Amino acid sequence: MKVITILSPAHPLRGGIASSTERLAQELQHKGYQVHIISFSLQYPGFLFPGKTQYTTDPPPEGLTITQEINSINPLNWLKIGLRLRRARPDLIIARFWLPFMGPSLGAIMRLAKSNGHTRVIALTDNIIPHERRFGDRLFTWFFLKAADAFLVMSKSVEHDAHTLAPGKPVALAPHPVYDNYGDPVSREAALAHLNLPAAHRYLLFFGFIREYKGLDLLLGAMADPRIRERNIRLIVAGEYYGNQETYESLIERLGIRDLLVLQTDYIPNDAVKYYFSAADLVAQPYRSATQSGISQLAYHFEKPMLATNVGGLPETVAHGKSGYIVEVNETAIADAIVDFYDHNRQPEMTAWVAQAKGQYSWGNMVKVIQDLMI
């Protein structure tokens, strides 16, 4: 039995990266691999973390071996883990890379582990060029990229970055699989009852951590369009602020749209996710920049049409006019799509297309790509 070690956030750390890593580990185990996730004992120093907490109170995923070991700022810790992995000789290390800050710790562990001449290292790269730039990004990213033997990417934009910044190394693309680990959809009526929302309104959904690059301000601006108010549409904002909350609160007051919003701006636990998606008619991703988005894959799982902006890898997963809309990055274009969706009753046909298309985003496909890269 081949042994795989995954270096990545995982339970009790929270968020989409942790959740998708756990789901990938489950699929690898299902395919017959022995899997161990090494997560972080210290992921972000407090001053770098914009949210309320890095930890979830959700129960741990069943059947997985997860240890919290990596200290992102302690080189002695990297040395200890790297040397232990060198001795343990796993067949494969999958290192999750989403932020340059993690480059030194992960890069050092990878170098030490693969020095045994046996272990191969695949970098599962959510982003290579970060959405929000910081000092040291270029050096930290370079250090990580040089330590990897191959790259698994989930969008064409990251594929291009990998070929550009790590020339000569194998790069394989596997679209981000659906998040099918948040429960099954429930009826609209059950979802609205659970969320205590009136059935007379129609609902858009903005879901996930609220960061500047995700463009919530653009969506709020679109909600101020008089056509939106005329159509009895409400916007559910479900996710924790990872930025300046006061900026959004001031914008809401200035636009005069508070009565059009359902603000649930705390972390959404795993068992509640299904209610927000099941209540929504359309999932909005008004991003200013993007690589791929796990929100699209949640929408596919819950069979919901999407409205996304024409940035990064979003057009690769949202088929304009079929699974939803791809629009330009401005408030008017977003409002136009929302009005079209409701005025022409696009929901049934788009929902049917999403349901038919979601099968292409499978975890089995990602594992097959990993197996090809292992050779």
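The table that follows gives values for the structure above.
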item	result
Between helix 331-343 and the chain: long-axis angle, C-alpha atoms, 0 to 90°, nearest 10	70 degrees
For the stretch 3-173: lysine pairs under 28 Å (alpha-carbon distance), excluding those fewer than 8 apart on one chain	12
Filtered GluC sites (Glu not before Pro), the stretch 19-126: DSSP coil and at most 11 other beta carbons within 10 Å	Glu62
Principal-axis tilt of helix 16-30 within the chain, Cα atoms, nearest 10 degrees	60 degrees
Cβ crowding within 10 Å averaged over residues, with 326-339, 352-365 ranked highest first	326-339, 352-365
Degrees, to the nearest 10: 103-114 long Cα axis against longest axis of the chain	40 degrees
Selection of chymotrypsin sites (Phe, Trp or Tyr not before Pro), the stretch 195-241, meeting DSSP coil and at most 10 other Cβ within 10 Å	none
Length added when fully stretched, Ala199-Ala272, from 0.36 nm per residue minus Cα-Cα	24.4 nm
Other-chain or far-sequence residues with amide H under 5 Å of Thr265's (modelled H)	Gly239
Karplus-derived HN-Hα couplings along the stretch 279-287 (A = 6.51, B = -1.76, C = 1.60, θ = phi - 60°), whole Hz, x at Gly and Pro	7, 8, 8, 8, 9, 9, 10, x, 5
Sparse-neighbourhood loop sites, trypsin sites (Lys or Arg not before Pro) in the stretch 1-98 - DSSP loop, at most 13 other Cβ within 10 angstrom	Lys52
Percent of beta bridges antiparallel (DSSP, the stretch 3-173, rounded to nearest 5)	5 percent
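Rule-based calculations on the coordinates, nothing more; no lab input. Everything numeric here is computed off the predicted structure, so don't read it as measured data. All Cβ positions, even for glycine, are placed from backbone atoms using ideal geometry, and neighbour counts span all protein chains on display.
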